[in-house]
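The values are calculated or read from the model by the stated rules, or taken from the named source; none is laboratory data. For clarity, every value in this text was computed on a predicted model and none was experimentally measured. With ideal geometry, Cβ positions are generated from the backbone for all residues, glycine too; neighbour counts draw on all protein chains shown.
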Amino acid sequence: MKIIQLTDTHLMPSGNVVNGVDPEKQLRAAAADILAKHADADLLVITGDLCNYGDPEAYEILRDVLAPMPFPVRMMLGNHDDRPNFIAAFADHPRDENGYIQSFLDTAFGRLLFLDSHESGVIGGIFGEDRMAFLDTALEGAGDQPVTVFIHHPPMDCGIAHFERIGMHDDGKIMKRLAAHPAGVRHIVFGHIHVPLAGTSAEGIAFSSGQACSHRFITDLDDPAPLWTGGNPCYRIINLDAQGLRAYGAEVGEIVTARAPVCEGP
């Protein structure tokens, strides 16, 4: 199964920039590359901060960008989003019974879980009992299937000073609940931190983040106010199969290329 991950697109009404970057230009370039190279994908997942201020105009741009995609799309909300404006623009997008943008999808390689950590007016992630009820039900329904989780806020400590107080505010409940799933967790995929990160949690669960498609940080783990920088539009290609999960970063832009020789033999 081929899954494309976009994250932290931070769309604004046309012509506006965020931290020196035009997010619409970035996203349209990434979308064009995805269409050209990965029209065979099974799913596109956008892991939050779809829009920078949750403007209705920005969600309309997102609708326009996504319209040509030939595969299903699942989106998460991030702290920069606006749930009512998102629902107005994407009324048919799956939601749970409490109105959160949460759903699951069963595949040949386990159940995919899409979780909503957005709370209006809060920079960090919130996942209270009402949202946990959905997670409990989705995990119970997964039975002997392993799960792969998509969420905006990393539900574990990411070790970056800037995000120390704006991560997930759940006292570790999500990770504890996932760790208790008998069939296991293949991977947790998230956004929020704007830089690539991969690791394993204290519970032994593998996780990784996508690079922001818009602005990104100059990676400084100890600086609570690191510098923003631009960069090429980007996304990830996630392959999920019987061997597990593998994620590959892809950037769109002017780069020098050379064809590698074919390597044969051991």
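Results, tabulated for the structure shown:
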quantity: Counted residues, segment 198-215 - those being in contact (Cβ under 8 Å) with a residue 60 or more places away in the chain and either part of a strand (DSSP E or B) or of a type in the set (S, T, N, Q) (or both); calculated: 3
quantity: Criterion: β-branched (V, I, T) and not in a loop (DSSP other than H, G, I, E, B) - qualifying residue of V195, V189; calculated: V189
quantity: Any hit, segment 151-168, residues being surrounded by 20 or more Cβ atoms within 10 Å (Cβ to Cβ) and touching a Cys at 6+ places or on another chain (Cβ under 9 Å); calculated: yes
quantity: Sole residue being among the charged types (D, E, K, R) and outside any helix (DSSP H, G or I), chosen from D40, D64; calculated: D40
quantity: Single residue of segment 233-252 satisfying the filter (part of a loop (DSSP other than H, G, I, E, B) and at pLDDT 95 or above) that is surrounded by the most Cβ atoms within 10 Å (Cβ to Cβ); calculated: P233
quantity: T148 of a type in the set (S, T, N, Q) and crowded, with 21+ Cβ neighbours inside 10 Å; calculated: yes
quantity: Hey, S120 farther than 26 Å from P72 by Cβ and at pLDDT 95 or above or not; calculated: yes
quantity: Answer from D82, D55, D106 - the residue that is touching a Gly at 6+ places or on another chain (Cβ under 6 Å), in contact (Cβ under 8 Å) with a residue 24 or more places away in the chain and either farther than 26 Å from D33 by Cα or crowded, with 16+ Cβ neighbours inside 10 Å (or both); calculated: D82
quantity: Residue in segment 9-28 that is crowded, with 18+ Cβ neighbours inside 10 Å, assigned to a loop (DSSP other than H, G, I, E, B), aliphatic (A, V, I, L, M) and modelled with pLDDT of 95 or more present; calculated: yes
quantity: Test result for A202, surrounded by fewer than 16 Cβ atoms within 10 Å (Cβ to Cβ), under 27 Å from L135 (Cβ atoms), among the hydrophobic types (A, V, I, L, M, F, W, C) and more than 17 Å from the chain's Cα centre (by Cα); calculated: yes
quantity: Enumeration of residues in segment 253-266 that are small (G, A, S) and either modelled with pLDDT of 90 or more or within 30 Å of G20 (Cα to Cα) (or both); calculated: G253
quantity: Close pairs (6 angstrom Cβ cut-off, 6 or more residues apart or separate chains): at pLDDT below 95 in segment 159-178, in a helix (DSSP H, G or I) anywhere; calculated: none
quantity: Selection within segment 120-157 - among the charged types (D, E, K, R) and free of Cβ contacts under 8 Å to residues at least 24 places away in the same chain; calculated: E129, E140, D157
quantity: Subset of segment 208-230 that is among the small types (G, A, S) and surrounded by fewer than 18 Cβ atoms within 10 Å (Cβ to Cβ) - its residue that is farthest from M1 (Cα to Cα); calculated: A225
